[in-house]
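The values are calculated or read from the model by the stated rules, or taken from the named source; none is laboratory data. Every value quoted in this text rests on a predicted model; they were computed, and no experiment measured them. Methodologically, a virtual Cβ is constructed for each residue, glycine included, from the backbone with ideal geometry; neighbour enumeration extends over all protein chains shown.
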Amino acid sequence: MAFPFRRGARGARRNPTGSTWGDTLFHLGSGAAAIVLLALLGLIVLVLSLDAAQSIGVFGFGFLGNRIWDPNTDQFGALPFIYGTLVTSAIGLLLGVPVSLGIAIFLAELAPASIRAPLTYVVELLAAIPSVVYGLWGIFVLVPAMANVVDPALQSVLGFLPIFQGPVYGYGLLSAGVILAIMIIPTVAAISRDALLAVPQSQREAALSLGATRWESTRMGVLRYARSGIFGAIILGLGRAFGETIAVTMVIGNANEISGSLFAPGNTLSSVLASNIREAFGLQASALIELALVLFLVTLVINAFARIMVWRVFGERGEAVS
Amino acid sequence: MMGLTVLCLGVALVPLGSILYSVAVQGGSVINVDFFTQTQPAPCSPNPITTCTQGGIGQALVGTLLLLSLSCLIAIPLGILTGIYLAEYGKGPLVHGVRFFADVMTGLPSIVFGMFVYAAFLIVFPGRVFSALAGVLALALLVLPFVARTTEESLRLVPNGLREAALALGLPKYKVTGRIVLSSARDGVVTGAILAMGRVGGETAPLIMTAFGNIYMSTRLDQPIGAMSLLIFYNAASPYANWNALAWGAALILALMMLGLSIAVRILLRRRFRERRIGA
């Protein structure tokens with residue numbers, strides 16, 4: 001007999017070690033845990049829709065285009081918050097992405113090797129600060145700075161633009177945008193840096209050998225190659241900006257209306273939930289839950305799109321942590 | 001170009017330095033023994049008539065510890081089990097779907113999970129919407145996908161040769177996974193769990209409509225409970241100076257906790273790499 005298989009024992013051919021029940025149990029058990037995750041996602045959509053059903057029934061699709069949010073007359077519309085979310089995220093991206101790219105280029109290409117690791121760690125520290133501490137700093141440091149220095153300066157120089165007109169409170173869309181910009185820097189910079197590091201050295205060498213300067217070599221050889229990774233980083237930053245709640249709530253001024261000025265207070269989809277949900281009941285609570293459903297679906301789509309982009313560059317197992 | 005990129009780095013480091021400085025200075029001025037043992041004081045701003053009591057964050061410390069420990073107790077084992085499934089039975093559309101949605105879930109705004117638990121309790125337990133139990137469930141929802149993904153990544157790092165050797169020796173698959181692979185990836189899994197705890201300790205948004213906050217000391221699961229992040233959120237926006245001071249102090253303690261966890265993670269990671277280098 002060449003192999004020491006038991007002859008005639010039932011199941012010997014299928015599993016010579018004989019422990020089929022343990023394997024099946026383990027497989028089913030861990031599979032069940034995995035399915036719980038999927039079930040939870042479906043449950044979230046279901047439960048939010050159930051509680052939002054009253055508001056959906058009353059307002060229908062006009063909810064998304066209505067700019068009035070008035071609990072006293074039971075009129076609710078999502079437009080002020082969609083506007084606030086778009087404006088603050090746009091400011092956050094406009095200010096944050098160039099800075100993040102600069103940091104990524106510095107860390108990936110230009111920094112001397114000895115300070116690369118500690119500087120990367122320091123930039124990651126920005127991500128480790130809890131959102132509520134950003135908000136606390138925002139209230140006591142950023143808002144006074146904006147109200148006393150930055151906003152009046154902007155108003156005196158660019159006051160002919162309607163977005164820089166109007167009274168300056170410090171609390172407003174612009175301050176929220178600035179805090180968002182600071183908060184997305186670590187995310188966008190880290191993933192962009194990874195994208196730049198993934199570019200093969202031959203690209204840089206080829207550009208340099210053709211006579212390009214340092215900047216040209218980076219621009220033509222590296223940035224173009226890492227384009228989709230950087231784009232994925234920006235989309236992830238956008239997702240982060242859309243969903244950032246607490247720091248924004250603390251500096252945005254909590255006004256449920258659309259104003260043409262960036263200095264005016266406002267609200268985003270998530271900050272209106274944080275500010276109003278504790279005291280809401282009845283139709284207002286249902287309308288707030290409908291806002292939560294909208295926020296969930298929008299950020300789900302953005303994050304799914306971002307993950308697909310990042311997976312395409314780094315493969316499916318990259319970037320387990322956002 | 002070097003100058004421009006260094007400028008970008010400076011632009012990012014200025015707010016970081018400002019935050020750390022403010023938290024250290026303003027928070028440090030209020031830290032003493034009372035800070036950890038007392039509860040919320042009467043609201044008061046400095047005035048010539050009375051002195052303000054400092055009070056403390058005792059109820060918030062207890063609340064954060066309770067919420068963190070219970071939510072991690074629920075979510076970490078479940079997350080590790082999910083991670084094992086993703087790593088060991090890694091084929092098929094189900095696995096790809098779970099992996100994709102776990103990744104996506106880690107990027108969703110945390111307030112959505114709080115709203116989900118709030119909405120669910122409205123349907124199921126209308127009288128207990130604001131309770132510690134709701135807070136625990138909301139935090140567990142945050143921890144679960146995170147731990148699943150980090151566990152899967154750690155398990156994938158274990159070389160396949162180890163699995164094959166164990167299988168060749170006749171061990172059934174569940175023992176291979178449970179005893180050999182998992183203990184080999186132990187450092188990575190523990191690191192993931194600690195990172196999850198650190199991330200969730202600073203969460204505020206999902207607790208606003210679930211745990212609600214409480215200025216009195218409470219450990220009951222069916223009543224609202226305080227938390228350090230909630231305390232900072234409410235006290236920062238209040239007009240009273242002694243409450244604002246408490247917010248800074250709590251921010252300092254929270255930052256120190258995060259720092260402690262991050263150092264623990266670094267030590268664990270370095271030990272794992274050192275062992276690997278010796279064995280290689």
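Matching residues to (1) in contact with a Ser or Thr (Cβ under 9 Å, 6 or more places away or on another chain); (2) at positive phi; (3) part of a helix (DSSP H, G or I):
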residue: A:Val178; (1), (2), (3): no, no, yes
residue: A:Thr187; (1), (2), (3): yes, no, yes
residue: A:Ser192; (1), (2), (3): yes, no, yes
residue: A:Val199; (1), (2), (3): no, no, no
residue: A:Arg219; (1), (2), (3): no, no, yes
residue: A:Tyr225; (1), (2), (3): no, no, no
residue: A:Ile235; (1), (2), (3): no, no, yes
residue: A:Arg240; (1), (2), (3): yes, no, yes
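So which pairs qualify, if the first residue must be in segment A:276-287 and without any contact (Cβ under 8 Å) to a residue 24 or more places away in the chain, the second must be crowded, with 20+ Cβ neighbours inside 10 Å and not in a helix (DSSP H, G or I), the Cβ gap must be under 6 Å, and the two must be at least 6 apart or on different chains?
A:Ile277/B:Met209
If we keep just the residues of segment B:63-117 that are touching a helix residue (DSSP H, G or I) at 6+ places or on another chain (Cβ under 7 Å) and of a type in the set (Ser, Thr, Tyr), which is surrounded by the fewest Cβ atoms within 10 Å (Cβ to Cβ)?
It comes out as B:Tyr89.
Does any residue of segment A:97-107 turn out to be more than 9 Å from every other protein chain (Cβ to nearest Cβ) and closer than 30 Å to B:Ala237 by Cβ? Lay out the reasoning, then the answer.
From segment A:97-107, those more than 9 Å from every other protein chain (Cβ to nearest Cβ) are A:97; that's our starting set.
Next, only the ones that are closer than 30 Å to B:Ala237 by Cβ stay: A:97.
Looking for residues that are more than 9 Å from every other protein chain (Cβ to nearest Cβ) and closer than 30 Å to B:Ala237 by Cβ, one finds at least one in segment A:97-107, hence yes.
Kindly indicate whether A:Leu158 is touching a Leu at 6+ places or on another chain (Cβ under 9 Å), more than 26 Å from B:Ser238 (Cα to Cα), more than 10 Å from chain B (Cβ to nearest Cβ) and not polar (S, T, N, Q).
Values: touching a Leu at 6+ places or on another chain (Cβ under 9 Å): no; more than 26 Å from B:Ser238 (Cα to Cα): yes; more than 10 Å from chain B (Cβ to nearest Cβ): yes; not polar (S, T, N, Q): yes.
Here the answer is no, as A:Leu158 does not meet what is asked.
Do you know which of the residues in segment A:110-130 that are of a type in the set (Val, Ile, Thr) and in a helix (DSSP H, G or I) is farthest from B:Met197 (Cα to Cα)?
From segment A:110-130, those of a type in the set (Val, Ile, Thr) are A:115, A:120, A:122-123, A:129; that's our starting set.
Now restrict to residues that are in a helix (DSSP H, G or I): A:115, A:120, A:122-123.
Working: A:Ile115: 30, A:Thr120: 23, A:Val122: 21, A:Val123: 21 Å.
It comes out as A:Ile115.
If you scan segment B:159-186, which residues turn out to be surrounded by 18 or more Cβ atoms within 10 Å (Cβ to Cβ) and outside any helix (DSSP H, G or I)?
The answer is B:Leu171, B:Pro172, B:Ala185.
Taking the condition of being more than 7 Å from chain A (Cβ to nearest Cβ), part of a helix (DSSP H, G or I) and out of contact with any strand residue (DSSP E or B) (no Cβ under 8 Å at 6 or more places or on another chain), how many residues in segment B:119-136 meet it?
Within segment B:119-136, residues that are more than 7 Å from chain A (Cβ to nearest Cβ), part of a helix (DSSP H, G or I) and out of contact with any strand residue (DSSP E or B) (no Cβ under 8 Å at 6 or more places or on another chain) number 8.
Among the residues of segment B:145-197, write down those that are within 21 Å of B:Gly97 (Cβ to Cβ), more than 7 Å from chain A (Cβ to nearest Cβ) and aliphatic (A, V, I, L, M).
B:Val147, B:Leu155
So B:Asn214 ticks every box in (1) outside any loop (DSSP other than H, G, I, E, B); (2) crowded, with 19+ Cβ neighbours inside 10 Å but one. Which box is left unticked?
Result: B:Asn214 fails condition (1) only.
Taking segment B:9-58, which residues are more than 14 Å from chain A (Cβ to nearest Cβ) and in a helix (DSSP H, G or I)?
Initially, segment B:9-58 is screened for residues more than 14 Å from chain A (Cβ to nearest Cβ), giving B:28, B:31-56, B:58.
Of everything in segment B:9-58, those that are more than 14 Å from chain A (Cβ to nearest Cβ) and in a helix (DSSP H, G or I) turn out to be B:Gly28, B:Val33, B:Asp34, B:Phe35, B:Phe36, B:Thr37, B:Gly58.
Inspect segment B:91-103 for any residue being touching a Ser or Thr at 6+ places or on another chain (Cβ under 7 Å), part of a loop (DSSP other than H, G, I, E, B) and at pLDDT below 95 and give the result as yes or no.
no
Could you list, in sequence order, all residues of segment A:281-313 that are more than 9 Å from chain B (Cβ to nearest Cβ) and among the polar types (S, T, N, Q)?
A:Gln284, A:Ser286
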